[in-house]
Amino acid sequence: DMKASVGTAPIFSQDLVISARERLLNLYKQKGFWDVGIFEPRIIKNPSTGEVKLVFVIREGKKRVFQRLSITGNQAIPTATIQDLITLEPGDSLDRQSLVNFEKQLRTLYRQIGYLHLQIAVDLQQNRQLREVETQIIIQITENQRSRFGEVFVKGLIKTDPKVVQREMRFKAGDDFNPDVVEESRQALADLGLFSSISMVPLESSGKNSIISYSILVREARSGTVSFGPGWSRAEGLRFSVESSYNNIDGVGRKVFSKGLLNEERDQTPLAGKSLLGRYAGVGYFEPWLFDYPIDGTLAFNHKAEARNNLWEISRSAEATISHRVRKLRPKTLIEGFTLYKEAREEAEGSVKAATLIDSGSLQNREL
């Protein structure tokens, strides 16, 4: 472990001796030798070459091997589920760290279903009569009272209605405590785009029942945004765009948004000596929580003119979308429905019309 080529060998120091002994000690313990003794090394120096050798004297003791796992006191989680946390087979080397990791995983498992006051006692029954110490792990679990959610207190709201925060909570007072739904609630608030910062702090009450309330501190973001600017691209040439939105009408998360774009359509083929000015204009409205359900509605109107494939297309459309957030499935699972109505007028040269059977006039498209 300490050998190295000439020029890269470490400089000898007392810290090097200590770290070498610690690495050797940890290696033995990982192999199941809990009682290993490693004495201070004998140091052999070669004055002519400057090399130093360390000679360790080791008393290994007996190796501990896993025999079986015994669990008592568990009611909320099946024994088989807990046993799956230990990957050891009978006869495998037993490492102390594997016991520490097992206890951490077990506490996490219980915490996810609301048992925050869990007590775990780990006892070892060791048969020292054999060459290897067969070890039985005995786990005594005291589950205690299951924690539940309490009230939610919201601070920091200025324009926003408190119901906007309350309706995004994935839990209600009296539900079994689950840290996963707390994070889902925090993420749901962030997805609204109404807050620049969100802090959820648990407030555990004292008493017989473990009730955990939450204090939510938010900082509201700016509701309105406007962005605009010129640009240039190889295909479109000069272009100019402007976008604007307002995200919190009446303090309940209603939104209006608009976008406009002009460009040269530089790669177009002129028709009758004329060039088309590419353009797009769109406006929309977003209504959250239709009929007080987690269903959002969006209504958008668009106008577009573009040159493509030796023809011009000028269109206008209206689209309505409803989106239902299915909370009981994976987070951010949506069921969406939409309807679209579009009118388009295509223009092309006479030769193009004859070759492709394209004719001028209005085209209508309806989708559901």
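The values are calculated or read from the model by the stated rules, or taken from the named source; none is laboratory data. Predicted, not measured: the structure shown is a model, and the values here were computed from it. A quick note on method: Cβ atoms are made from the backbone with ideal geometry, for glycine too, and the neighbour counts reach across all protein chains shown. Each accessible area value is taken on the protein alone, full model and side chains, heavy atoms only, with ligands, DNA and RNA left out. Shrake-Rupley method; radii C 1.70, N 1.55, O 1.52, S 1.80 Å.
Remark: the Cα gyration tensor places segment 186-270 in the prolate category, a/c being 1.5 or greater and a/b exceeding b/c. Computed from point charges on the beta carbon alone (+1 for Lys and Arg, -1 for Asp and Glu), the dipole magnitude for segment 267-319 about its Cα centre is near 440 Debye. Counted residue by residue at 0.36 nm each, then reduced by the alpha carbon distance between them, the extension gain from Lys259 to Arg59 reaches 64.3 nm.
How would you classify segment 34-174 from its alpha-carbon gyration tensor, with a ≥ b ≥ c the square roots of the eigenvalues: rounded for a/c under 1.5, else prolate if a/b is greater than b/c, otherwise oblate? Oblate, because a/c is 1.5 or more while a/b does not exceed b/c. Using C-alpha pairs under 8 Å with a sequence gap of at least 6, the mean separation divided by the residue count of segment 125-215 gives a relative contact order of 31 percent. Taking springs between alpha-carbon atoms closer than 10 angstrom, which of Arg107, Arg234, Arg170 fluctuates most in the Gaussian network model of the chain? Highest fluctuation of the listed residues: Arg234.
Candidates Met200, Gln166, Pro230 compared by Cα position along the dipole of segment 149-241: farthest toward the positive end lies Pro230, with charges placed on Cβ. Counting only residues at least eight positions apart within a chain, or on another chain, the lysines with an alpha carbon under 20 Å from that of Lys45 are Lys3, Lys53.
Taking the Cα centre of the chain as the origin and placing charges on Cβ (Lys, Arg +1; Asp, Glu -1), which of Pro288, Ile314, Gly260 is farthest toward the positive end of the dipole? The Cα lying farthest towards the positive end belongs to Pro288.
Think of each Lys and Arg Cβ as +1 and each Asp and Glu Cβ as -1; about the Cα centre, that makes the dipole of the chain roughly 1000 debye. Using the 1.4 Å probe convention, the accessible area of the chain works out to 63 Å² per residue with neighbouring protein chains retained. Computed per residue of the chain from DSSP H runs no shorter than four, each worth -39500 (n - 2.57), the mean residue ellipticity at 222 nm is -5000 deg cm²/dmol.
Modelled label positions at Ala344 and Gln14, each set 7 Å beyond Cα in the direction of Cβ, lie 8.3 nm from each other.
Model label points for Leu368 and Thr79, set 7 angstrom from Cα along the Cα-to-Cβ axis, are 5.9 nm apart.
Annotation: extensible slack from Gln30 through Arg308 equals 93.2 nm (criterion: 0.36 nm per residue apart, minus Cα-Cα distance). Of the residues Gly61, Tyr28, Ile120, the one whose Cα sits farthest towards the positive end of the charge dipole of the chain is Gly61 (charges of +1 on Lys and Arg Cβ, -1 on Asp and Glu Cβ, taken about the Cα centre). Rolling a 1.4 Å probe across all protein chains gives Lys159 an accessible area of roughly 120 Å².
When the Gaussian network model of the chain links Cα atoms closer than 10 Å, the mean-square fluctuations of Leu203, Leu16, Leu27 top out at Leu16. Here the simple spin-label model places points 7 Å from the Cα toward Cβ, and for Leu238 and Tyr293 these points are separated by 5.2 nm.
By accessible area, using a 1.4 Å probe on protein heavy atoms only, segment 280-322 has 61% of its surface on carbon and sulfur. For Lys31, a cut-off of 22 angstrom between C-alpha atoms picks up these lysines, skipping any fewer than 8 places away in its own chain: Lys62, Lys63, Lys104. Can you tell me which aspartates and glutamates have their Cα less than 15 Å from the Cα of Lys159? Leave out same-chain residues fewer than eight positions away. Leaving aside aspartates and glutamates fewer than 8 places away in the same chain, those within reach of Lys159 are Glu220, Asp250.
Residues considered: Ser93, Ser233, Ser258. Largest GNM mean-square fluctuation over the chain, using C-alpha springs under 10 Å, is found at Ser233. Measure off, as a whole percent, the carbon and sulfur share of the 1.4 Å-probe accessible area of segment 52-201, all protein chains present. For segment 52-201, the apolar C and S fraction of the accessible surface comes to 46 percent.
Please find the FRET efficiency linking Arg131 to Ile44, where r is the Cβ-Cβ separation and R0 is fixed at 30 Å, and quote it to the nearest 0.05.
Values: r = 34 Å, r/R0 = 1.12.
Between Arg131 and Ile44 the formula returns 0.35.
Evaluated with a Cβ-only charge set (Lys, Arg +1; Asp, Glu -1), segment 121-278 carries a dipole of roughly 540 debye about its Cα centre, given to the nearest 20. For Rg/Rh (Cα atoms, Kirkwood Rh), the candidate list reads (i) 1.05; (ii) 1.32; (iii) 1.22; the entry that matches the value derived from this model is (iii).
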